[in-house]
Each structure stands twice: as C-alpha cells, then as structure tokens.
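The values are calculated or read from the model by the stated rules, or taken from the named source; none is laboratory data. The model shown is predicted, which means the values in this text are computed figures rather than measured ones. Using ideal geometry, Cβ is built from the backbone for each residue, glycine included, and neighbour counts are taken over all protein chains shown.
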Amino acid sequence: MTGLLFTLGLGLFILIGAIIVFVTKNNDKFVSFSISIAFGVMAALIVGELLPETLELMQSEYDLIKSIVMIAIGILLGISILKLLDLFIPDHHAEDESEKEHHEQLAHIGLVSSIALVLHNIIEGMAIYSTVTTSLQLGFLVSIGVGLHNIPLGMVITSTFYKANNNKKKTFLIVLGISLSTFVGGLLMYGFTGQVINDIVLAILLSITLGMLIYIAMFELLPQIIHTKFKKTAIIGVIVGILLLVVSLFLE
C-alpha cells in the first residue's frame, strides 16, 4: 500500500507545474519558456534515462542487436501512433497564423503531449511501485528525481491547454486527470504483481513512449521554439530543462 501512496504523490508534482503557470498568469513569454523547458527535459530524458533503461530491460531477454532492433520498432510505432493522430487533429504552422489558429496549435500540442505523458506516467508508476516495495529509501530518492522532471512537463501541458481554452477550472481538471495516471501505473503493479507485466513488456511500452516523446520534441515543441519571438528566453528554458533532468538523475 505504501507503493500506491508514493505513485499518487508523485503524480501531483505535475500539479505544481500547473500552479506555477496560474500564478504567472500564463503570458506568452512564460508559455515560450515552459515549452522550452519541456523540450530540454524531454531531450535529456530520452538520452539520459529512457534509452539506457529500455535497453537494459530488453537485454534481460535478448542480445544487444535484437534488443536495439526491437527498441527501434517500438520507437517507430510510438511515432506512428502520434502521426496517425495528427491526421484527425487540425494542425497549423507557427508562421502567419491567426490568434485562433495559434490557440488551436497549442491545444494540439497539449493533446498529443498528454497522450504520451499519460503512457509515460503509467510506466513510471509501475516502476516506482516496484522500487518502493523493494527498498523504501531508494523508492523515495527515485520519486524525488522523477517528480522534478514532472514539474516542467506539467507546466507545458497547463500552459498550452490554458492558453487555448482560457478556462482555469477546465485546464486544472485536465491536468489533475493526467497527474493521476502515475497512480494508475501503481494500481496495475498492485493488481498484477509482476505476473503479466514483466521486464520485456515494460521495455516494449517504454520503446513506444520513447517514440512518442521523440515525435513531440522534434515535431511539436521544436517548431514552436524555432519560431518564438523570445529567442533568449527559449534558449534559457532549454538549458534549465536539461539541468532539471540532470539533477533528477543524480538524485536517483
């Protein structure tokens, strides 16, 4: 039961990001800053945490070459899922767009980011639950590290949805639902107790999540950063995002 409490508390770090956005009144400069932070976190998360972790899990069953091939297939599947979703969601380029189109673009980013974040959080919840039940002290340290990189992700989700709908209550409920996805991961581990969700299943899910995060970083967040009028703020945001993830990895 302790593991479930940890996964519930961990997801609430996303709400801290939401509160930060509401306090700063979600101005355009801060939206650009939060998107840049999320890009930095995602880039560092992919390279510094998810890829090595996925490879390690996959190699528990397969050799290096087969592991890399299976991870590549999972990544392509994750990218394809969001690309397929793009076909059914209005998409708009940042250049020469109206205010309405800009809001739709932000809502688009928020939606696809939420899908990947929910899947990622479920996997994180499963991992945290397993860690806490094995070692409470280690689980606590890992939770702090994971929570740190959930804050800027919560910021970008809140910023994009709030900027698009200008409804604080609706935005908060959306972010609250996303934050509970980590708890769902804990519940899955509590229910299956590792009998169905083994290392290979986790590795496959992580590979798909990797593809989703790569898609978001390269095709959703990066274009926004490139076309922002707050270039210096964006650069600082990317650096801050990377540093946040690096700090969280050291804490783990």
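Tabulated values for the structure
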| quantity | calculated |
| --- | --- |
| Residue in the stretch 171-187 that is modelled with pLDDT of 85 or more, over 17 Å from Ala18 (Cβ atoms), of a type in the set (A, V, I, L, M, F, W, C) and assigned to a helix (DSSP H, G or I) present | yes |
| Hey, Gly241 in contact with a Pro (Cβ under 8 Å, 6 or more places away or on another chain), in a helix (DSSP H, G or I) and more than 21 Å from Ala127 (Cα to Cα) or not | yes |
| For Thr160: the one exception among (1) β-branched (Val, Ile, Thr); (2) under 19 Å from Leu8 (Cα atoms); (3) at pLDDT below 80 | (2) |
| Within the stretch 184-234, tally of residues that are polar (S, T, N, Q) and under 16 Å from Leu153 (Cβ atoms) | 2 |
| Residue, nearest to Phe39 (Cα to Cα), within the stretch 224-241, restricted to residues that are surrounded by 19 or more Cβ atoms within 10 Å (Cβ to Cβ) and of a type in the set (A, V, I, L, M, F, W, C) | Val238 |
| Output for the stretch 157-170, where each listed residue is surrounded by fewer than 24 Cβ atoms within 10 Å (Cβ to Cβ) and assigned to a helix (DSSP H, G or I) | Lys163, Ala164, Asn165, Lys168, Lys169, Lys170 |
| Residue tally, condition touching an Asp or Glu at 6+ places or on another chain (Cβ under 7 Å) and farther than 29 Å from Ile73 by Cβ, over the stretch 205-252 | 1 |
| Single residue of the stretch 198-236 satisfying the filter (in a helix (DSSP H, G or I) and more than 21 Å from Ala116 (Cα to Cα)) that is modelled with the lowest pLDDT | His227 |
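Yes/no per residue for (1) of a type in the set (Val, Ile, Thr); (2) within 15 Å of Asn121 (Cα to Cα); (3) within 12 Å of the chain's Cα centre (by Cα):
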| site | (1), (2), (3) |
| --- | --- |
| Asn150 | no, yes, yes |
| Ile157 | yes, yes, yes |
| Phe183 | no, yes, no |
| Met189 | no, yes, no |
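Listed here are the residues, each with its yes/no results for (1) in contact (Cβ under 8 Å) with a residue 60 or more places away in the chain; (2) assigned to a helix (DSSP H, G or I); (3) closer than 23 Å to Ala234 by Cβ; (4) among the basic types (Lys, Arg).
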{"position": "Leu4", "(1), (2), (3), (4)": "yes, yes, no, no"}
{"position": "Leu8", "(1), (2), (3), (4)": "yes, yes, no, no"}
{"position": "Ile16", "(1), (2), (3), (4)": "yes, yes, yes, no"}
{"position": "Phe22", "(1), (2), (3), (4)": "yes, yes, yes, no"}
{"position": "Phe30", "(1), (2), (3), (4)": "yes, yes, yes, no"}
{"position": "Phe33", "(1), (2), (3), (4)": "yes, yes, yes, no"}
{"position": "Ala38", "(1), (2), (3), (4)": "yes, yes, yes, no"}
{"position": "Ala44", "(1), (2), (3), (4)": "yes, yes, yes, no"}
{"position": "Val47", "(1), (2), (3), (4)": "no, yes, yes, no"}
